[in-house]
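> For reference, the structure I am asking about is given below.
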Amino acid sequence: MRIVSIFLLVVIFLSCNKEEGKTIKYHEIEITASSINLLEKNITNKDNRSYVKEFIDSLGRTKRLEFYNSRGQLDYPGSGYYGGPIIKYHYEPNSITETAYISDIDLANDFQTSEVPNQIIYYLNDKDKIDRTVFRYKIEFNMEKDQLDEIINNLKLYKDLIPNSGLETREMDSIFGYQFATAKLHGINPVKVKSN
């Protein structure tokens, strides 16, 4: 009878850590005005603590991160790169797409107010190192055509004045959200290929 009780406890514990067929882990974080710091991995008690909820897919990869404040509310994950409390990952053979959301379906970071991307695509080489990154932005305009034309002309002028700078040349040294995850890409944290 004791063995059956222990078995049932193990099954209950494992089912509590699964959601929609995914493994879930919790990591304590500290949210500041300008960043987030990882304090402790794999916590069991989330009461009055800010934390990251990490969803791990059946292949052992981080599939989704959700950032919660100490009141259990989805909260902004800080950093100059993202501004949404949910980060989702899509995996291809040679790339990882990291997308920030403010809700389950609404993309984060309206370029008009935050000027940061809502999506970063990390292209990997055959050694799982980052070769290059591409930034994508959510842009919504509530302006007249002549205002948009003026903005486009100003952006062209800015690009000509400051060559080799700006958003198109910015690179990431590692995958932003992986600093708050344990599964990552099968336990691997891809980093930028070092230039010679």
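> Here is a check on your reading of the model: is Tyr82 at pLDDT below 90 and either at negative phi or crowded, with 18+ Cβ neighbours inside 10 Å (or both)? Please lay out each step first, then the result.
On the way: at pLDDT below 90: yes; either at negative phi or crowded, with 18+ Cβ neighbours inside 10 Å (or both): yes.
Spelling it out, Tyr82 is indeed at pLDDT below 90 and either at negative phi or crowded, with 18+ Cβ neighbours inside 10 Å (or both).
> Taking segment 86-108, which residues are modelled with pLDDT of 90 or more and in a loop (DSSP other than H, G, I, E, B)? Show your work before the answer.
First pass over segment 86-108, keeping only residues modelled with pLDDT of 90 or more: 86-99.
Within segment 86-108, Pro93, Asn94 qualify.
> Also: Against the condition modelled with pLDDT of 80 or more, under 17 Å from Ala183 (Cα atoms) and of a type in the set (S, T, N, Q), how does Ser58 come out, does it pass? Working first, answer last.
Details: modelled with pLDDT of 80 or more: yes; under 17 Å from Ala183 (Cα atoms): yes; of a type in the set (S, T, N, Q): yes.
So Ser58 fits the description; yes.
> Something else: Just for segment 34-55: of the residues that are part of a strand (DSSP E or B) and among the β-branched types (Val, Ile, Thr), which one is modelled with the highest pLDDT? Explain how you work it out, then say what you get.
Quick first cut of segment 34-55, residues part of a strand (DSSP E or B) only: 36-40, 51-55.
Applying the additional criterion that residues be among the β-branched types (Val, Ile, Thr) yields 36, 52.
Details: Ile36: 83, Val52: 95.
Once the filter is applied, the top-ranked residue is Val52.
> Specify the residue that is modelled with the lowest pLDDT; the eligible residues are those in segment 123-181 that are in a helix (DSSP H, G or I), more than 17 Å from the chain's Cα centre (by Cα) and hydrophobic (A, V, I, L, M, F, W, C).
Within segment 123-181, the subset in a helix (DSSP H, G or I) is 145-161, 167-169, 176-180.
Of the ones still in play, those that are also more than 17 Å from the chain's Cα centre (by Cα) are 145-161, 167-169.
Next cut, hydrophobic (A, V, I, L, M, F, W, C) only: 148, 151-152, 155, 157, 161, 167.
Details: Leu148: 72, Ile151: 74, Ile152: 75, Leu155: 71, Leu157: 64, Leu161: 54, Leu167: 43.
Top of the filtered list is Leu167.
> Tell me which residues, restricted to segment 41-59, are among the small types (Gly, Ala, Ser) and open to solvent by 30 Å² or more (accessible area, probe 1.4 Å). It would help to see each step written out before you state the result.
Step one: filter segment 41-59 for residues among the small types (Gly, Ala, Ser), giving 50, 58.
Hit for segment 41-59 is Ser58, nothing else.
The values are calculated or read from the model by the stated rules, or taken from the named source; none is laboratory data. Since the model is a prediction, treat every value here as computed from it, not as a measurement. Note that each Cβ is placed from the backbone with ideal geometry, even for glycine, and that neighbours are counted across all protein chains shown. All accessible areas refer to the heavy atoms of the entire protein, side chains included, with ligands and DNA or RNA removed. Shrake-Rupley method; radii C 1.70, N 1.55, O 1.52, S 1.80 Å.
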